[in-house]
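Asks: Quick one: structure below, then a few questions.
The values are calculated or read from the model by the stated rules, or taken from the named source; none is laboratory data. The model shown is predicted, which means the values in this text are computed figures rather than measured ones. With ideal geometry, Cβ positions are generated from the backbone for all residues, glycine too; neighbour counts draw on all protein chains shown. Just the protein is used for accessible areas: all its heavy atoms, side chains included, with ligands, DNA and RNA removed. Shrake-Rupley method; radii C 1.70, N 1.55, O 1.52, S 1.80 Å.
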Amino acid sequence: MSHAASARPAGRGARTALRPAGGLPDRLVTVFAVAAGFAVANIYYAHPLLTAIASAFGVGSGTASLVVTASTAGYTVGLALLVPLGDIAGRRRLLVALLLVTAVAQAASAAAPTATALIALSGLMAVAAVGAPLLVAFAAALARPEQRGRVTGRVMSGVLGGVLLARTGAGLLAQWTGSWRTVFVVAAVAMLALAVLLWRLLPDLEPAESLGYFALLRSVASVVAQEPVLRLRCLYGFLTFASFSVFWASAAFLLAAPPYSYGAALTGAFGLLGLAGAVAARATGPLVDRGRDRLAGTVLYLANLAAWVLLAFDGGHVPVCLVLGVLLLDFGVQGAQVANLGVLFRLRPEARNRITMAYMTAYFLGGAAGSALSGAVYSAAGWAGVSAAGGGLAALVLLLWGVERLRARTS
């Protein structure tokens, strides 16, 4: 029986949501994409608010950056401990439960009395905010093999839309209301609404495996050990997202200083440049379906390195270079994400959530490392240090990719 055929309707009207053995209809792909975007937005709301948070609590840029570092680290923990449950539990119930926990944590963040409390709450919230990777793997399970790359690309474009919503909407909302705390109140309400929507619209799906929780976690190590492609793509994901996070963890401080002197709204709006990443996600999926993932990887990793050359120019003080650099960075990193997942989803359908967990854990460990590195080098060496760190990581992943391609040709 196909995955689509084994799906059970979730609620009234859901019986026609899936066509037996017909893959994933476009309107349900849209639901997955929108839900994934709102789910992932939770870990990005704080990015344009860091200067306001630092001012409110009277702390420095390094301490304020820990809000981002904690959320990235917490998200990594959630990926490792919760995402594998998608292989053994009802995914709709799991998703709704996690959204409700996230809503409570965001509400508590809105009332955080100190920077330390906000940092801790950001980490705890992010543990539960792992709906996006669950939704990506869920959509891939329901899609036909020949449409899987396209579906993955569309859902990932929704994830990127969520990142843009978080950065841009959070900055605008904070400036409009005069308080960064309002952003977290709105986030809590949005998660409650999303939980209700998904409970009514998403299909249920039989678990792919019948394992205990700890046996499931142990099996992740077996999957990683048995799949060299997975190990290599995990390394690429770690390095690319580390490079990406090096930029965004310090971008608010660069944009708040002369010659930009942007407030929270303009800093958030700067994130709209990430539309290039959404374009890359949608374009990369069909390339993967056609077996052109190697070409896509080469172009995308070159774009990452070129981005840092532009971002470093004149200490980040040339607006046109900064804009072009951000466009290339988002294009390269997010396109590479779709290419990696498209390749990995071919490996073992019964272990798709564990494969997603392994890859995304490596990916966000890279993000946490990049955020921490960014805060340290910005405090010590300013934008020059940030550029050296981000560019060095981009150069390393391109070097490793080139070595892999060379070995593939000579083997």
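Asks: Among the candidates Ala70, Ala52, Ala4, which residue alone is surrounded by 17 or more Cβ atoms within 10 Å (Cβ to Cβ), in a helix (DSSP H, G or I) and modelled with pLDDT under 75?
Replies: Just one listed residue meets the conditions, Ala4.
Asks: Can you say whether Ala103 is touching a Ser or Thr at 6+ places or on another chain (Cβ under 7 Å), open to solvent by less than 10 Å² (accessible area, probe 1.4 Å) and farther than 17 Å from Ala339 by Cα, as far as the supplied structure shows?
Replies: no
Asks: Would you point out the residue of segment 55-67, among those that are open to solvent by 10 Å² or more (accessible area, probe 1.4 Å) and touching a residue at least 12 places away in the same chain (Cβ under 8 Å), that is nearest to Ser371 (Cα to Cα)? Before you say what the answer is, go through the steps one by one.
Replies: To start, the set of residues in segment 55-67 that are open to solvent by 10 Å² or more (accessible area, probe 1.4 Å) comprises 55-63, 66.
Among the residues that remain, those that are also touching a residue at least 12 places away in the same chain (Cβ under 8 Å) are: 56-57, 59-63, 66.
Values: Ala56: 21, Phe57: 20, Val59: 17, Gly60: 15, Ser61: 12, Gly62: 10, Thr63: 12, Leu66: 8 Å.
Among those residues, the one meeting the criterion is Leu66.
Asks: On to the next question. Scan segment 21-43 for residues that are open to solvent by less than 20 Å² (accessible area, probe 1.4 Å) and either outside any helix (DSSP H, G or I) or modelled with pLDDT under 90 (or both) and report the count.
Replies: Adding up the residues that qualify gives 8.
Asks: Could you list, in sequence order, all residues of segment 374-411 that are open to solvent by 70 Å² or more (accessible area, probe 1.4 Å) and within 23 Å of the chain's Cα centre (by Cα)?
Replies: Answer for segment 374-411, where residues must be open to solvent by 70 Å² or more (accessible area, probe 1.4 Å) and within 23 Å of the chain's Cα centre (by Cα): just Leu396.
Asks: Does Leu194 fit the bill of being in contact with a helix residue (DSSP H, G or I) (Cβ under 6 Å, 6 or more places away or on another chain) and either free of Cβ contacts under 8 Å to residues at least 40 places away in the same chain or surrounded by 24 or more Cβ atoms within 10 Å (Cβ to Cβ) (or both)? It would help to see each step written out before you state the result.
Replies: On the way: in contact with a helix residue (DSSP H, G or I) (Cβ under 6 Å, 6 or more places away or on another chain): yes; either free of Cβ contacts under 8 Å to residues at least 40 places away in the same chain or surrounded by 24 or more Cβ atoms within 10 Å (Cβ to Cβ) (or both): no.
No, not satisfied.
Asks: Please work out which one of (1) open to solvent by 10 Å² or more (accessible area, probe 1.4 Å); (2) touching a Ser or Thr at 6+ places or on another chain (Cβ under 9 Å); (3) within 30 Å of Ala110 (Cα to Cα) is the condition Thr182 fails and give its number.
Replies: The number of the failed condition is (2).
Asks: Something else: Every residue in segment 237-247 that is of a type outside the set (S, T, N, Q) and crowded, with 24+ Cβ neighbours inside 10 Å, please.
Replies: Gly237, Leu239, Phe241, Ala242, Phe244, Val246, Phe247
Asks: How many residues are touching a Gly at 6+ places or on another chain (Cβ under 7 Å), closer than 28 Å to Gly60 by Cβ and among the hydroxyl-bearing types (Ser, Thr, Tyr) if we restrict to segment 324-383?
Replies: 2
Asks: Right, next: Regarding segment 103-116, can at least one residue be identified that is within 19 Å of Val34 (Cα to Cα), in a helix (DSSP H, G or I) and modelled with pLDDT of 95 or more? Break it down into steps so the answer makes sense when it comes.
Replies: Taking segment 103-116 first, the residues within 19 Å of Val34 (Cα to Cα) are 103.
Subsequent filtering for residues that are in a helix (DSSP H, G or I) retains 103.
Filter once more, so that each one left must be modelled with pLDDT of 95 or more: 103.
Among the residues of segment 103-116, at least one is within 19 Å of Val34 (Cα to Cα), in a helix (DSSP H, G or I) and modelled with pLDDT of 95 or more, which makes the answer yes.
The rows are residues; the columns are (1) crowded, with 24+ Cβ neighbours inside 10 Å; (2) in a helix (DSSP H, G or I); (3) among the aromatic types (Phe, Trp, Tyr).
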| site | (1), (2), (3) |
| --- | --- |
| Gly291 | no, no, no |
| Leu295 | no, yes, no |
| Thr298 | no, yes, no |
| Val309 | no, yes, no |
| Ala312 | no, yes, no |
| Gly315 | no, yes, no |
| Arg346 | no, no, no |
| Ala358 | yes, yes, no |
| Leu365 | no, yes, no |
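Asks: To continue, here is another question. Exactly one condition in (1) buried (at least 16 other Cβ atoms within 10 Å of the Cβ); (2) modelled with pLDDT of 90 or more is not met by Arg148; state its number.
Replies: Here Arg148 clears every test but (2).
Asks: Restricting attention to segment 201-213, report how many residues are at pLDDT 85 or above and over 26 Å from Ala36 (Cα atoms).
Replies: Number of matching residues: 0.
Asks: For segment 197-211, check the following and say yes or no: at least one residue is assigned to a helix (DSSP H, G or I) and among the small types (Gly, Ala, Ser).
Replies: Checking segment 197-211: not a single residue is assigned to a helix (DSSP H, G or I) and among the small types (Gly, Ala, Ser).
Asks: Here is a further query. Given (1) under 15 Å from the mean Cα position of the chain (by Cα); (2) under 18 Å from Leu94 (Cα atoms); (3) open to solvent by 10 Å² or more (accessible area, probe 1.4 Å), identify the lone condition not met by Leu134.
Replies: Answer for Leu134: the failing condition is (3).
Asks: Identify the single condition in (1) more than 23 Å from Leu205 (Cα to Cα); (2) modelled with pLDDT under 85 that Leu18 does not satisfy, given that it satisfies every other one.
Replies: (1)
Asks: Filtering segment 329-381 down to residues that are over 19 Å from Leu217 (Cβ atoms) and among the aromatic types (Phe, Trp, Tyr), which residue is modelled with the highest pLDDT?
Replies: Going through the qualifying residues, I end up with Tyr378.
Asks: Do you know which residues across segment 258-275 are modelled with pLDDT under 70 and of a type outside the set (A, V, I, L, M, F, W, C)?
Replies: Gly268, Gly271, Gly274
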